[in-house]
Amino acid sequence: MDISKILDKESIPEINTLSPLTLAFLGDSVYEMFIRTKILSQGNRPANELHKIAVGYVKAKAQATAAHGIMDNLTDEEIEIYKRGRNTNIHTVPKNADMADYRHATALETLIGYLYLKGNKERLLEILNLAFDTLS
């Protein structure tokens, strides 16, 4: 795979044709990369400690809390994308999460995936930092 094609707009399907779960699939990895980077910026630690800290930010309950914390800062378009993610038909829920938290976590990931594919790095980072600050 040519790494330079990752953000090549020509290779990405039209954003509005992607399902909320597809956007959440991408948003999950963007969110986790952001969280891991933020944790590393706080200083060097053993890998197992870094993992435990990261899990505290990326588990469904934490993502749901972060989602509630950013709601007042979302545009109408972002709220619409968030709601699409929240209301999507989820077939399985991890055993350590309840359905409500998982729906809000999926909604947050959907929004992050959407913003990432739109290429608005400034807004994406603003939302990610708001989410992180909500949990810190």
* To do: Report whether or not Glu77 is surrounded by fewer than 14 Cβ atoms within 10 Å (Cβ to Cβ) and within 20 Å of Asn16 (Cβ to Cβ).
  => yes
* Search result, residues across the range 23-70 that are of a type in the set (Ser, Thr, Tyr) and crowded, with 16+ Cβ neighbours inside 10 Å -> Tyr31, Tyr57, Thr65
* Unmet criterion (only one of (1) closer than 18 Å to Leu135 by Cα; (2) among the aromatic types (Phe, Trp, Tyr); (3) free of Cβ contacts under 8 Å to residues at least 40 places away in the same chain) for Tyr82 -> (1)
* Structure fact -> Scanning the range 104-125 residue by residue, the ones that are in contact (Cβ under 8 Å) with a residue 24 or more places away in the chain and not hydrophobic (A, V, I, L, M, F, W, C) total 9
* Asked: Within the range 64-85, is there a residue that is at pLDDT 95 or above, more than 14 Å from Ile127 (Cβ to Cβ) and either touching an Asp or Glu at 6+ places or on another chain (Cβ under 8 Å) or among the hydroxyl-bearing types (Ser, Thr, Tyr) (or both)?
  -> yes
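The values are calculated or read from the model by the stated rules, or taken from the named source; none is laboratory data. Since this is a predicted model, take the numbers as computed values, not measurements. Using ideal geometry, Cβ is built from the backbone for each residue, glycine included, and neighbour counts are taken over all protein chains shown.
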